[in-house]
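A short write-up of the structure that comes next.
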Amino acid sequence: MNIDLHNKVALVTGGSRGIGKAIGTRLAGAGAKVALADVVDIAQIQATADEIGGGAIAVSANVTSPEDCGTAVSQVEETLGPIDVLVNNAGITRDGLLIRMDEADWSAVLDVNLKGVFNMTKAVVRGMMKRRSGRVVNIASVVGITGNAGQANYSASKAGVIGFTKTMAKELASRGVLVNAVAPGFIDTDMTKALPESAREALLKLIPLSRLGNPDDVARAVLFLSSDLASYITGQVVVVDGGMVM
Ligand code: NAP
């Protein structure tokens, strides 16, 4: 069975660059009509949408705002049709040891990474429930499973995303909506470029496949979970990390 998402509409948050852009590219490549929602300047999101092709559109939305999420969903559904696939990808880091982490850094990360997932999921799933069909894929992280020194806020937010994913899977299964998470390991994007070379080398030693992941490694797992190939999978966390966590 090939993956065919023609006649499907997919919304990807944080889609203007990095992993979100790769996910948008893969979904569009399988025939889906893709909408990228991001907080950045609309021209920048549109440039990525144009690059992705297949009629992809850009919408402006800060996932921390329930109003923005509601408006973005209406915009996408008016332009492309009902949303079949939601990928909650938007995320940020504000790293630091707990002792030096201020409340603003804690709240900013929890707001985008966890409340953002709640906001956008709530805005999208009502329609999916009525149609008795839909897929939600949440981008978590391996540190939501293992924890990571210096990332109390980020790892708590991603552990929260995993708990939210399992709960949504249980709440929505009877309505035909499947909810899963993908937990990437160390992926080469702007988010991880800030790491010093010594930290990168130390991390590489922990990865059995001996390389950093690339955004498309994550995107292919999302594509699978969005497709008919994954029609008996819900509430799962698919780890994409070159074997780092097992
Ligand atoms: P990235 O390159 O920093 O891209 C994140 C995207 O999310 C950016 O386009 C960003 O917009 C957008 N965004 C940030 N805050 C937002 C908000 N409030 N509303 C809407 N969009 C917002 O990060 P990435 O590496 O691709 O990460 C994507 C996802 O994968 C995140 O959830 C991240 O936690 C997760 N992840 C990444 C790694 C990794 O190694 N890279 C590992 C595990 C998990 P701006 O351009 O304005 O910032």
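Give the long-range amide H neighbours of VAL238: residues separated by 5 or more places, or on another chain, with amide H under 5 Å away, using H modelled in the peptide plane at 1.01 Å from N.
Answer set, sorted by chain and number: ALA181, VAL182, ALA183.
Test of understanding: given the chain, find the longest segment containing no trypsin sites (Lys or Arg not before Pro) that are in a DSSP loop and have at most 13 other Cβ atoms within 10 Å.
Maximal segment without exposed cleavage sites: 1-131.
Starting at the first residue of the range 74-86, write each ³J(HN,Hα) from the Karplus equation 6.51 cos²θ - 1.76 cosθ + 1.60 with θ = phi - 60°, in whole Hz, x for Gly and Pro.
Coupling constants for the range 74-86: 4, 4, 5, 5, 5, 7, 10, x, x, 7, 9, 10, 10 Hz.
Hey, with R₀ at 41 Å, roughly what FRET efficiency would ARG132 and MET191 work out to, going by the Cβ-Cβ distance, to 0.05?
0.70
Going by the alpha-carbon gyration tensor, a ≥ b ≥ c the square roots of its eigenvalues, is the range 83-149 rounded (a/c under 1.5) or, if a/c is not under 1.5, prolate (a/b greater than b/c) versus oblate?
Note, shape of the range 83-149 comes out prolate.
Does the range 138-246 come out rounded, prolate or oblate, given a ≥ b ≥ c as the square roots of the eigenvalues of its C-alpha gyration tensor, rounded meaning a/c under 1.5 and, failing that, prolate meaning a/b above b/c?
Note, shape of the range 138-246 comes out prolate.
State, as an integer percentage, the relative contact order of the range 106-246 based on alpha-carbon contacts under 8 Å between residues 6 or more apart.
RCO, the range 106-246: 28 percent.
If each DSSP helix of 4+ residues adds -39,500 (n - 2.57) and the sum is divided by the residues in the chain, what number results at 222 nm, nearest 500 deg cm²/dmol?
-13500 deg cm²/dmol
What value does the range 22-180 have for Rg/Rh, both radii from Cα atoms and Rh as Kirkwood defines it?
Ratio of gyration radius to Kirkwood radius: 0.98.
How much net charge surrounds VAL222 when only the other residues with a Cβ under 14 Å from the Cβ of VAL222 are counted, with Lys and Arg +1 and Asp and Glu -1?
Combined, the nearby Lys, Arg, Asp and Glu give +2.
Within the set of other residues whose C-beta is less than 14 Å from the C-beta of THR64, count the net charge using Lys and Arg as +1 and Asp and Glu as -1.
Once all neighbours under 14 Å are counted, the net charge is -1.
Residues with beta-carbon under 13 Å from that of SER16, excluding SER16: net charge, scoring Lys, Arg +1 and Asp, Glu -1?
-3
So which of LYS130/LYS166; LYS115/LYS170; LYS115/LYS193 end up more than 22 Å apart, counting from Cα to Cα?
In this structure, LYS115/LYS193 exceed 22 Å between Cα atoms.
Can you run phi through the Karplus equation (6.51, -1.76, 1.60; θ = phi - 60°) for the range 120-134 and list ³J(HN,Hα) in whole Hz, with x for Gly and Pro?
So the J values, rounded to whole Hz, are 6, 4, 4, 5, 9, 6, 4, x, 4, 4, 5, 7, 6, 6, x.
If a/c stays under 1.5 just call it rounded; otherwise compare a/b with b/c (prolate if a/b is bigger, oblate if not). Do that for the range 1-109, with a ≥ b ≥ c from the square roots of the Cα gyration tensor eigenvalues.
Judged from the Cα gyration tensor, the range 1-109 comes out prolate (a/c at least 1.5, a/b above b/c).
What are the ³J(HN,Hα) values, in whole Hz, obtained from phi via the Karplus relation 6.51 cos²θ - 1.76 cosθ + 1.60 with θ = phi - 60°, for each residue of the range 160-171 in sequence order, with x given for Gly and Pro?
Working through the residues one at a time gives x, 4, 5, x, 4, 4, 5, 5, 4, 4, 6, 5 Hz.
Whole Å is fine, so just give me how far the alpha carbon centre of the range 157-235 lies from that of the range 100-124.
Centre-to-centre distance over Cα atoms comes out at 18 Å.
At 7 Å along Cα-to-Cβ for each site, give me the label-to-label distance between LEU229 and VAL245 in nm.
Taking the two extended label points, one gets 2.3 nm.
Could you state how much accessible area ASP241 has, in square angstrom rounded to the nearest 10, with a 1.4 Å probe and all protein chains kept in place?
Roll a 1.4 Å probe over it and ASP241 shows about 20 Å².
Using a 1.4 angstrom probe on the protein heavy atoms only, line up THR121, THR146 by accessible area, largest first.
Greatest to least solvent exposure: THR146, THR121.
Helix 18-29 sits at what angle to the longest principal axis of the chain, using alpha carbons and giving 0 to 90 degrees rounded to 10?
The answer is roughly 30 degrees.
The values are calculated or read from the model by the stated rules, or taken from the named source; none is laboratory data. These numbers come from a predicted model, not from an experiment. Counting neighbours? That spans all protein chains shown, and the Cβs are built from the backbone with ideal geometry, glycine included. When the accessible area is computed, the model is the full protein with side chains, heavy atoms only, and any ligands, DNA or RNA have been set aside. Shrake-Rupley method; radii C 1.70, N 1.55, O 1.52, S 1.80 Å.
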